[in-house]
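Beneath this line is the structure, given in structure tokens, with notes to follow.
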Amino acid sequence: MSENNLPVTTAKTLPATTESAAGREFVTMYIEGQLFGIPVLQVQDVLGPQKITRVPLAPKEVAGSLNLRGRIVTAIDVRTRLGLPQRENGTKSMSVVVDLNGEFYSLIVDQVGEVMSLSASDYEKTPATLDERWREISDGVYRLKETLLVVIDVKRLLRLEELVAA
């Protein structure tokens, strides 16, 4: 087990924490090698590979639905949403379950990292040079020692008005 990986094979509930004036906490994830973060208070669960049932006529970003403890959850392929190439067949993925207005959504990502506490002073607005699709879902960035963490705005990522048809 490396420092950046959580050995998750089943549902795991993350601890509730608060955002302080000194910084923010994020559940980190990797998509196509890029580091992303979601505020920890929006994350309900982290799941290993799940059986996803396709939904006919759904938007291409909707991978389908899954059953989370008796609750139907819409699964969103974040790679597709960001315009990245599809995962190779047989490549495992993970899911980060988020709550938006009382509805759960499973964000399918390549890998889940760790929970990071970052200083508010290191936060920067989304750079204009970031890819347009990424700017659309970004709530800012943190420049870390070796990489850039893109903060995901879950509401903009999900674009509810387009997913309602799913």
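Some values worked out for this structure:
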read-out: Failed criterion for Ser93 (all others in (1) within 21 Å of Leu149 (Cβ to Cβ); (2) among the hydroxyl-bearing types (Ser, Thr, Tyr); (3) surrounded by fewer than 18 Cβ atoms within 10 Å (Cβ to Cβ); (4) within 13 Å of the chain's Cα centre (by Cα) hold); value: (3)
read-out: Residue in segment 129-145 that is at pLDDT below 90, in a loop (DSSP other than H, G, I, E, B), among the aliphatic types (A, V, I, L, M) and more than 15 Å from Met29 (Cα to Cα) present; value: yes
read-out: Total residues in segment 35-63, condition assigned to a strand (DSSP E or B) and surrounded by fewer than 16 Cβ atoms within 10 Å (Cβ to Cβ); value: 1
read-out: Segment 64-87 residues that are free of Cβ contacts under 8 Å to residues at least 24 places away in the same chain and in a loop (DSSP other than H, G, I, E, B), paired with ones that are polar (S, T, N, Q) and surrounded by fewer than 18 Cβ atoms within 10 Å (Cβ to Cβ) (beta carbon under 9 Å, 6 or more apart); value: Gln86/Thr80
read-out: Residue list for segment 96-107, filter: surrounded by 10 or more Cβ atoms within 10 Å (Cβ to Cβ) and not polar (S, T, N, Q); value: Val96, Val97, Val98, Asp99, Leu100, Glu103, Phe104, Tyr105, Leu107
read-out: Meets criteria (more than 21 Å from Lys155 (Cα to Cα) and either among the hydrophobic types (A, V, I, L, M, F, W, C) or crowded, with 20+ Cβ neighbours inside 10 Å (or both)) for Leu118; value: yes
read-out: Failed criterion for Asp99 (all others in (1) among the charged types (D, E, K, R); (2) within 20 Å of Gln42 (Cβ to Cβ); (3) touching a Leu at 6+ places or on another chain (Cβ under 7 Å) hold); value: (3)
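The values are calculated or read from the model by the stated rules, or taken from the named source; none is laboratory data. Treat the numbers as computed from the prediction; the structure is a model and nothing was measured. Don't worry about glycine lacking a Cβ; one is built from the backbone with ideal geometry, like all the others, and counts go over all protein chains shown.
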